[in-house]
Amino acid sequence: MTRRLPFRSLPVPGPGGCRRGRGRPAPAGTGRSPTAGSGRSAGRSDGDILSRWRTWILFILILLVLGGKAVNHWVGAAVLPNTLLATSVEVRDRNGRLLRAYPVEDGLWRLRTRVADVDPAYLKMLIAYEDKRFFAHNGIDPAAILRASGQALRHRRTLSGGSTLTMQVARLLENGSTGRLAGKLRQMRVALALEQRLSKEEILSLYLTHAPFGGNLEGVRAASHAWFGQEPHRLTAAESALLVALPQSPERRRPDLSVSAARTARDRVLARSLYAGLLTEEVASRAKREPLPTERQPFPRLAPHLGDHLRALAPTQGRFDVTLDAGLQQRLQAVLRRRAQAVEPRLGAAMIVADYRSGEILAELGAPEYTDTARRGFIDMTKAIRSPGSTLKPLIYALAFDEGLVHPDTLMSDAPVSFGGYAPQNFDGRFRGDVRVRDALQMSLNTPVVTLTEALGPSRLMAAMRRAGMEPVLPGGKAGLAVSLGGVGVSLRDLVQLYAVLAAGGSGPVLRTSFETGGTTDRVISPVAAWYLSDILRDLPVPQGSRAGALPYKTGTSYGHRDAWAVGWDGRHVIGVWLGRADGTPVPGVFGADLAAPLLFEAFAILKPALEPLPPPPANALILGSAELPLPLQRFRGRDTAFLGDAPTAPEVVFPPDRAKIALQEGAVALKLRGGRSPFTVLANGKPVARGLRSRSVNLPSPGPGHVTFVVIDKEGQSAAVTVEIDEAG
């Protein structure tokens, strides 16, 4: 059976109730808030207390004498204070969860709060403790005033208060005093006027938004975030009781300043709630044993760069609802921070996660840590313009597929080339002779992709990037062949937009963080070309421990190791990762495949337990080997020769035979050829050893003892290869 406690044994705050302190700390040396009320009027003499309550009684008598019409006229003429005080600007995620809030004037945290935002059990506890007839009175409660006055006169001290929640709201809005008759009359008048012009729910919402909770905290949402690290949607009995008790004396009862005062006040509210039948003895007893918070928790600061950007775009807007997922953002932020810290103190990182079916961005991280000055965390690296390295290569191959220049199994020559003095080199300095297009893309070779860019035209590539929704920046103002290898400025947002289009089949939604539809891009490539890319890139080697063959992705490393990239997709989502220094200085030894790719795969593992399947090949996809392709697609020969009926005879190495063991002749290797068209280029283990050869018999300098692969490439890009073992001792 619930034990009922005598009402008079439960002293409660005096008529001061919740006093306006705007949450500011008390002046040095006072030990309390200058406006804090308490259950007993500390520092006041018995004469002051009795005089105050006699004033209350006198005012009640005046109201009774004046009568209803006079009171209504007096109330109707009242000028209400501003009920729309500034509240913190909020950025909320797709589920309404707080991503970031900004303080208002003087650094106050004041989050707008509606009745629906708060745990109903807390509201019941608040009303039972502060103003149990709140829903019945019209702003003042004469019964409560007479009861409290009688108690004060009889016991010569304040035992309970007479202020209603509406009167407390009036005082909060006006920042008024409570001790003088004029101030009290004004509060009553405003309270009566508030009741005439606002609903009970609106008045209660004003209290929930403006009540002081210690320090620079105003409103129950700000207090719940600061003391419990959560919204007040669902509170324990102990948490609710503390939030009810704090506004009565916000500085003296702050749990980070006085745990004992906070516990005493909380337990008093729990006892009153038990007496009111809101709690069982078991729940009340358990709540009293619950520990109090001893320090404030920081307000959420998720996606801070996005919040800053939105505020700059709409400085007068009070709330921004975005498509991000706060939980995902928080988990990925921890991973980004850990990965960056494991490399070096100045390494920055950024990431974007998007649903390419809807176009909604689910996570956007501009830095490992917003406040990390060493990493320049205040710079949003999702929007920074950087060199994309090799990450544009898939788009170039896709455009070539659509032009009929190549097929994934078309042979191309990976050999030294020169275009008007521009001679691209592969990353490792080696050349590989004939390779399939799919192998060239998987190995990220440079000469084949530059050759295709020359055939397409760099302007064609730039136009495709813009159709995909990118905003590329050309350093010199004119596109050259170097664009294909990263000689253009793009942002991470640009790259993720491009790969979203590739993943969506060549045309997709414009990525966005708002819930307003962003539209769809123009078609960039065909669904067949998009599927070819997916089929090629899903076979890239994956980081250790990751599942192979499920995630098409591409890495890139810009010139001088300044930027490391990885972008990939599954059947629904696309993720892009960038790592580097925000100041643009090199990071020695950083490669996209070594650093960015593992982070990409880890991000997908955090996003979902299993990757979603990729779409099947379109009906018109040409799935054939090199020898089965139509003749023009078997080997790439450039736009001017792609459709010749008779292909020239390929070169053939007559001597030495393949897999032979040979001795040097006067320190050189004899090489004899037939077929093909001169001039010839000869590679030894991928490195050029002879160029411009017109003779089919030549002595080559020895590359050293051991196994050597010689590749001969003719004018048309056709090649032949042999592997021999050189015995210098012979």
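Where a number appears in this text, it was derived from the coordinates with a stated rule and is not lab data. Keep in mind that what you see is a predicted model, and the values were worked out from it rather than measured. Note that each Cβ is placed from the backbone with ideal geometry, even for glycine, and that neighbours are counted across all protein chains shown.
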Checklist outcome for this item: Label model pair R319, A86: point-to-point distance (7 angstrom along the Cα→beta-carbon line) in nm is 1.9 nm
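Looking only at Cα atoms, what is the convex hull volume of segment 342-403 per residue, in Å³? Present the calculation step by step, with values, prior to reporting the outcome.
Working: hull volume 8.2 nm³, N = 62.
So the per-residue hull volume is 132 Å³.
How would E360, E516 line up from fewest to most surrounding beta-carbon atoms within 10 angstrom? Spell out each step's value before the answer.
On the way: E360 21, E516 6.
Listed from fewest to most nearby Cβ atoms, that is E516, E360.
Under a point-charge model restricted to the Cβ atoms of Lys and Arg (+1) and Asp and Glu (-1), what is the dipole moment magnitude of segment 393-607 relative to its Cα centre, in debye to the nearest 20?
Values: 18 positive and 19 negative charges, 44 e Å.
Charge dipole, segment 393-607, about its Cα centre: 220 debye, nearest 20.
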Checklist entry - When the Cα centres of segment 601-625 and segment 660-701 are compared, how far apart do they sit, in Å? => result 44 Å
Checklist outcome for this item: Inter-part gap, Cα centre of segment 504-556 to Cα centre of segment 243-283, in whole angstrom, is 56 Å
Checklist entry - At a Förster distance of 45 Å, what's the computed FRET efficiency of S260 paired with R547, Cβ-Cβ distance as r, to 0.05? => result 0.20
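How high is the relative contact order of segment 226-365? Use alpha-carbon pairs under 8 Å, at least six apart in sequence, and give a whole percent.
Working: 133 pairs, mean separation 28.2, N = 140.
Reported relative contact order: 20 percent.
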Item to check | log₁₀ of I(q)/I(0) at q = 0.11, 0.19, 0.23 Å⁻¹ - segment 646-727, Debye sum with one point per alpha carbon | outcome: -0.25, -0.74, -1.07
Checklist outcome for this item: extent check for segment 393-607: Cα max minus min per principal axis, descending, whole Å, gives 49, 37, 36
Next on the checklist: Give me the net charge for the shell around L683: Cβ to Cβ below 12 angstrom, other residues only, Lys and Arg +1, Asp and Glu -1.
Outcome noted: +2
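Sorted by mean Cβ packing within 10 Å, highest first, what order do the peptides 498-508, 400-410, 422-432, 313-323 take?
Values: 498-508: 25.3, 400-410: 21.5, 422-432: 15.3, 313-323: 13.3.
Per-residue mean Cβ counts within 10 Å order the peptides as 498-508, 400-410, 422-432, 313-323.
Would you calculate the convex hull of the Cα atoms in segment 482-526 and tell me its volume per residue in Å³? Provide the component values of the computation, followed by the final result.
Numbers: hull volume 3.8 nm³, N = 45.
Taking only Cα atoms, segment 482-526 has a hull volume of 85 Å³ per residue.
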Checklist entry - Expressed as a rounded percentage, what relative contact order does segment 646-727 have, with Cα pairs under 8 Å and six or more residues apart? => result 38 percent
Next on the checklist: Using amide H atoms built in the peptide plane, which far-off residues or other-chain residues are under 5 Å from R562 H to H?
Outcome noted: V587
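Can you tell me, using C-alpha contacts under 8 Å and at least 6 residues apart, the relative contact order of segment 418-539 as a whole percent?
Numbers: 124 pairs, mean separation 26.0, N = 122.
With pairs under 8 Å counted, the relative contact order is 21 percent.
Output needed for segment 261-382: three equivalent-ellipsoid semi-axes, defined as square roots of 5 times the C-alpha gyration tensor eigenvalues, in descending order, whole Å.
Details: eigenvalues 343, 77, 46 Å².
Output for segment 261-382: semi-axes of 41, 20, 15 Å.
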Next on the checklist: On a 26 Å Cα-Cα criterion, which of the cross-link pairs K554/K715; K554/K608; K478/K687; K393/K478; K132/K184; K383/K554 come out too long?
Outcome noted: K554/K715; K478/K687
